[in-house]
Amino acid sequence: MVPSSVVRELHRLERRRVKGARGALALARKYETYDTDLEGDAAMETLGRELQGWVVTLDRELRARLESNDVGVLYPCGRQRLCPSRGIIPTRRDAGP
């Protein structure tokens, strides 16, 4: 899922022709949008906590904050690879044993 505030921000960045915004928006469109009034990092953190899911980010400060709150983080660590945060594996309540 992608918070609606993130989708709105990607649209703004695309209109300003920020490098990478169009690709990020195309990727975001492949996922369900999570409607929220929260903005930016707060939306990502809340969604990660509520859904007990992973947050994908390049932002090191956000990554550190998420890790300190036991929210799993995936971050780019190569051309086409994502690495997990240190020892944090979110467990969904609806997941089987």
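FYI, it's all coordinate maths here, none of it is from the lab. As the structure is a computational prediction, the values presented were derived from the model and not from experiment. Neighbour counts are summed over all protein chains in view; Cβ atoms, including those assigned to glycine, are modelled from backbone coordinates with ideal geometry.
A few comments on the model shown:
- Residue separation of A64 and D35 scaled by 0.36 nm, minus their Cα-Cα distance, works out to 8.0 nm of gained length.
- Surrounding net charge for R12, when Lys and Arg each add one and Asp and Glu each subtract one, Cβ distance under 15 Å: +3
- Share, in percent, of DSSP beta bridges within the chain that are antiparallel, nearest 5: 45
- Residues whose amide H comes within less than 5 Å of that of V73, counting only those at least five positions distant or on another chain, are V55, S85 (H built at 1.01 Å from N in the peptide plane).
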